[in-house]
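Colleague: Below is the structure I would like to discuss, written out as structure tokens.
The values are calculated or read from the model by the stated rules, or taken from the named source; none is laboratory data. Predicted model only: the values in this text are computed from it and were never measured. Every residue, glycine as well, gets a Cβ built from its backbone with ideal geometry; the counts of neighbours run over all protein chains shown.
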Amino acid sequence: MEEFDMLEPVLEDTVSEDGGTEEDEQATLSESDTPDKPISLFTIFVGLLLALAAFIGIIFVQEFSNPQLSRAKEPLAQATTDTKLLTSLQSAQDLPDLSLDSWDLVLVGPNYVAEEMNPELSEVSGVLVDSRIAEATANFLAAAQTVDPNVHLILGYRSLADQSGLYETFIAQEMEAQGITREGAISFVDAYFQAPGTSEHMTGLAIDMSTVDYVNLMDPAITAQLAAMAPDYGFVLRYKESYQAQTGVAAEDWHFRYVGVEAARYMTDYDMPLETFLTRIAAATGTVLESRPSSSAVTDQADVIEAEEQMDETTPEMTEITE
């Protein structure tokens, strides 16, 4: 009994200590339940300003510590300009040593009207061309037919008289069909047929060649292949859509012009029309490329009557008109 009496104080102390511990834990829990003070908007704003300042500082350091990295990030437009400049310099170095007086560089078009030329002609696959390009024309045709056997020549040389006769015929047709004046008809005809003295066919150096007898209906893939091989035979695809501002003639997928191998390769490599090429030749040789604008009208009616009498074929359908 004495032993039990001696244990009672010890047990009481233990219980008392345990009770005190529970009270402390409850007090601690009560304190943890108290919410923290909210962060002020001013503090957030200051933090954002500091972060922005740090970002700007990093960029500033990179700009001065590694300027090459900065230059490497130049805008694409600047890089494109540099490329064009290099191409221009290279094209100037590669410019062939040719003369504006070269027979195969004669320029005829809406801004370069010419008189009848009367070249010596030879027949190639049913069309007439300047005799000096007969072999090149035959070789070009043979190569083109390896791309597509349907490729054939449609037109070569056409005299100024024939051009004048067709032009006047189309004007008369438009006047009658639409009930418009001659001036109105001329504007309409000029959109699909070249005025007398402005067609390259009078030079004997131009050919129309296609897989079909209609302009701009050949498979574009075939047109591209013919245009790519043309310079090997001295020809270029003369009228492209991107050239219209310089040539004054709408795109034609079948019109190839002989300019000689050297000039043809240069014009194709640097993607330029004959007008631009001759302007560069003129600048390099200190000569002047003079324009002779077309009035889009036949001045001598006697020539028109003679032309119509000489025509031994009927007027082609509108879809088959060639310059």
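Colleague: Which pairs do you get when a residue that is in contact (Cβ under 8 Å) with a residue 12 or more places away in the chain and among the polar types (S, T, N, Q), found in segment 248-274, comes within reach of a residue that is buried (at least 23 other Cβ atoms within 10 Å of the Cβ) and assigned to a helix (DSSP H, G or I), reach meaning Cβ atoms under 8 angstrom, with the pair 6+ apart or on two chains?
Modeller: Partner pairs satisfying both residue conditions: T268/A230.
Colleague: Just name the residue that is surrounded by the most Cβ atoms within 10 Å (Cβ to Cβ) out of those in segment 226-279 that are among the β-branched types (V, I, T) and within 17 Å of the chain's Cα centre (by Cα).
Modeller: Step by step, filter segment 226-279, then rank; the result is V236.
Colleague: Just to be sure I understand the filter: pairs with C-beta atoms under 7 Å, separated by 6 or more residues or on different chains, first member in segment 90-108 and among the small types (G, A, S), second member at pLDDT 95 or above. Which pairs pass?
Modeller: Listed by first residue and then by second, the contacts come to S91/Y270.
Colleague: Can you spot a residue in segment 166-175 that is within 23 Å of P119 (Cβ to Cβ) and modelled with pLDDT of 95 or more?
Modeller: Looking through segment 166-175, at least one residue is within 23 Å of P119 (Cβ to Cβ) and modelled with pLDDT of 95 or more.
Colleague: Among (1) in a loop (DSSP other than H, G, I, E, B); (2) of a type outside the set (D, E, K, R); (3) modelled with pLDDT under 95; (4) out of contact with any Pro (no Cβ under 7 Å at 6 or more places or on another chain), which single condition is V298 missing?
Modeller: Evaluating V298 over (1) in a loop (DSSP other than H, G, I, E, B); (2) of a type outside the set (D, E, K, R); (3) modelled with pLDDT under 95; (4) out of contact with any Pro (no Cβ under 7 Å at 6 or more places or on another chain) leaves (4) as the failure.
Colleague: Taking the stated definitions as given, is T268 outside any helix (DSSP H, G or I) and modelled with pLDDT of 95 or more?
Modeller: No: the conditions fail for T268.
Colleague: Condition test on T223, is it polar (S, T, N, Q), buried (at least 16 other Cβ atoms within 10 Å of the Cβ) and not in a loop (DSSP other than H, G, I, E, B)?
Modeller: Judged against the criteria, T223 is a match.
Colleague: Next question, about the same structure. Given the residues I222, I180, which is the only one that is farther than 30 Å from A136 by Cβ and of a type in the set (A, V, I, L, M)?
Modeller: So the residue among I222, I180 that is farther than 30 Å from A136 by Cβ and of a type in the set (A, V, I, L, M) is I180.
Colleague: Name every residue in segment 275-285 that is touching a helix residue (DSSP H, G or I) at 6+ places or on another chain (Cβ under 7 Å) and either modelled with pLDDT under 95 or of a type in the set (A, V, I, L, M) (or both), in order of residue number.
Modeller: L278
So that you can scan it fast, the table gives a plain yes or no per residue for (1) more than 27 Å from F235 (Cβ to Cβ); (2) outside any helix (DSSP H, G or I); (3) of a type in the set (G, A, S); (4) at pLDDT 65 or above:
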| residue | (1), (2), (3), (4) |
| --- | --- |
| K73 | yes, yes, no, no |
| T83 | yes, no, no, no |
| L86 | yes, no, no, no |
| S91 | no, no, yes, yes |
| D104 | no, no, no, yes |
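Each row is one residue, and each column tells you yes or no for (1) touching a residue at least 12 places away in the same chain (Cβ under 8 Å); (2) part of a loop (DSSP other than H, G, I, E, B); (3) of a type in the set (V, I, T).
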{"position": "R132", "(1), (2), (3)": "yes, no, no"}
{"position": "E135", "(1), (2), (3)": "no, no, no"}
{"position": "S164", "(1), (2), (3)": "yes, no, no"}
{"position": "I180", "(1), (2), (3)": "no, yes, yes"}
{"position": "A185", "(1), (2), (3)": "yes, no, no"}
{"position": "F193", "(1), (2), (3)": "yes, yes, no"}
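Colleague: Can I ask one more? Could you check how many residues of segment 204-220 are crowded, with 23+ Cβ neighbours inside 10 Å and either of a type in the set (A, V, I, L, M, F, W, C) or out of contact with any Gly (no Cβ under 8 Å at 6 or more places or on another chain) (or both)?
Modeller: 5
Colleague: Can you tell me which residue in segment 131-179 is surrounded by the fewest Cβ atoms within 10 Å (Cβ to Cβ), limited to those that are among the charged types (D, E, K, R) and more than 23 Å from G204 (Cα to Cα)? I'd like the intermediate steps shown before the answer.
Modeller: We begin by selecting, within segment 131-179, every residue among the charged types (D, E, K, R); these are 132, 135, 148, 158, 162, 168, 174, 176.
Filter again for more than 23 Å from G204 (Cα to Cα), leaving 148, 174, 176.
Values: D148: 16, E174: 18, E176: 10.
Looking at the filtered set, the residue picked out is E176.
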